[in-house]
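Here's the structure, in C-alpha cells; my notes come after.
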Amino acid sequence: MAVFVALGAFLMTLAGGWTAQRVTDRRHLVLGLAGGLMLGVVGLDLLPEALHAADREIFGVPAALLLFVAGFLLAHLVERTLAARQAAHGGAEGHNHRAPEVGLTAAAAMVGHSAMDGVAIGAAFQVGGGMGTAVALAVIAHDFADGFNTFTITSLYGNARRRAIGMLVADACAPLLGALSTAFFHIPEPVLGGYLGLFGGVLLYLAAAEILPEAHHEHPARSTLLCTVAGAAFIWLVVGLSGG
C-alpha cells in the first residue's frame, strides 16, 4: 500500500513539473506561485513536523529551529561562495547571472525531501491504516508543489532544460525509493526532525531571497502577489485536510 501511494506522489510530482514548463509566458506568475508554495511548505508543514520530531532543546532553543537557521545561513553561504567564484573566473555579475550550481543543489535538496516523504509514507502505514492515509494525502498533494518548485528552481538559476527535467524525474522517483526503503531500515525520529528543520531553512532562503524578488523584478503586478498568497493558502488547505 505504501508503494502504491508513493506511485501517486510520483505522478503528482511530474504533473507539477509539467505545469511549471507549460506556463513560461507567465513566468512571473509561476515564480510568485512557487514562492508561496515554498513559504507554505516551510511554515505550515516542515517546521511543525520538525519541532514535533526533534523535540529537544539546545541552550534554551529547540534543536529544529537552530537547524532551520543553520539551513538558511548555509544556503546564503553557498550562493555567495559560488557567485564569488563565478565572478573571479570572469563571469558577469548581476541579477540575471546566477550560479547554476545553486539551482542544482537546491533541487537535490528537494529530491532528498521527497525521499523522506516516501519514508514518512512507509512509516505511517506501519503505524496503522488511518495514519498512513493522512500522511499519504498530505504527501501526494504537496508533491505537486515539489515538482513545480524543483523544475522552477533548477531553471531559474540558468540550468539547461534537460537538467531541469532530469532533476524533476529524480524528484518524482524519490518517494518510491523512500517508501521501499522502510522495509529495510528505520530513521530515528530526532534525526528526521533535524533534517526537516535544516531543509526548511534552505527553502525559506530560496523563496524569500531569490524566487519572490525575481517574480516581482520585471512584473510587480497584483496578480503575482495573489499567486503567492494562493500558493501559501493551498498548502494550508492541504495541511488542514490531512489533519495537520
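Residue-wise test of (1) more than 16 Å from the chain's Cα centre (by Cα); (2) at pLDDT below 85.
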residue: R163; (1), (2): yes, no
residue: L176; (1), (2): yes, no
residue: L180; (1), (2): yes, no
residue: A209; (1), (2): no, yes
residue: P213; (1), (2): yes, yes
residue: T228; (1), (2): no, no
residue: S242; (1), (2): yes, yes
*Is it the case that the range 186-197 has a residue that's among the aliphatic types (A, V, I, L, M), under 17 Å from the mean Cα position of the chain (by Cα) and at pLDDT below 85?*
yes
*Run down A20, A83, A88, A92 and say which single residue is open to solvent by less than 40 Å² (accessible area, probe 1.4 Å), at pLDDT below 80 and more than 25 Å from A230 (Cβ to Cβ).*
A83
*Out of curiosity, is L39 within 23 Å of A164 (Cβ to Cβ), buried (at least 18 other Cβ atoms within 10 Å of the Cβ) and at pLDDT below 85?*
no
*Consider L65 carefully, then state whether it is more than 22 Å from V139 (Cα to Cα), modelled with pLDDT of 80 or more and of a type outside the set (D, E, K, R).*
yes
*Given the conditions (1) at pLDDT below 90; (2) surrounded by fewer than 15 Cβ atoms within 10 Å (Cβ to Cβ), report the number of the one that L31 does not fulfil.*
(2)
_For the range 95-117, which positions are at pLDDT 75 or above and either assigned to a loop (DSSP other than H, G, I, E, B) or among the charged types (D, E, K, R) (or both)?_
E101, D117
*Considering (1) out of contact with any Gly (no Cβ under 8 Å at 6 or more places or on another chain); (2) open to solvent by less than 10 Å² (accessible area, probe 1.4 Å), say which one L46 fails and leave the rest.*
(1)
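The values are calculated or read from the model by the stated rules, or taken from the named source; none is laboratory data. Since the structure is predicted, the reported quantities are computational estimates derived from the model, not experimental observations. No Cβ is skipped: glycine too gets one built from the backbone with ideal geometry, and neighbour counts run over all protein chains shown. Please note that ligands, DNA and RNA were not included when accessible areas were found on the heavy atoms of the full protein model with its side chains. Shrake-Rupley method; radii C 1.70, N 1.55, O 1.52, S 1.80 Å.
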